[in-house]
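The block underneath contains the structure these notes are about, expressed in structure tokens.
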Amino acid sequence: MRDPTTPDTSFRAASLLGSPLRRVVAVNVVLLAVLVSMSIGPGAGAQPTGAPLGGASRARGDYTMISGKTNTGNTNAVYVLDAANQELLAVRWDASRQKLVTVGYRNLDADAKAPPTR
């Protein structure tokens, strides 16, 4: 039989050892709840799914990048082809402004549908 005047250290030690375990379990439960809520919620994408500002919605791009020289000057450019949306973009690096500068843009679908000219 235990002496009632001495404190029960076995219960105290068990509660201290269980406390970090309870914290880890609680954190895991919270993280699991966040993971489930993120997977159930609506997905987010880089392209808007609705028609932005009354325009037509865009398909997700299928990009190919090609480097090459431009026809003017001694500069290089990167040509970005979006095969899904039939668009071509040319950009070059402007060292003085430390940013990419658009050299040109072509809508390949519109070019293909245009009547031939001389």
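Worth pointing out:
- Cβ crowding within 10 Å averaged over residues, with 76-82, 101-107, 27-33 ranked highest first: 76-82, 101-107, 27-33
- For a label point 7 Å along the Cα-to-beta-carbon line of residue 72, residues of region 94-112 with backbone N under 11 Å: 103-104
- Residue 101/residue 25 FRET efficiency (R0 35 Å; Cβ-Cβ; nearest 0.05): 0.05
Only the coordinates and a few stated rules stand behind these numbers; no lab work does. The structure displayed is predicted, hence computed values, not measured ones. For neighbour counting, all protein chains shown are included, and Cβ atoms are generated from backbone atoms with ideal geometry for every residue, glycine included.
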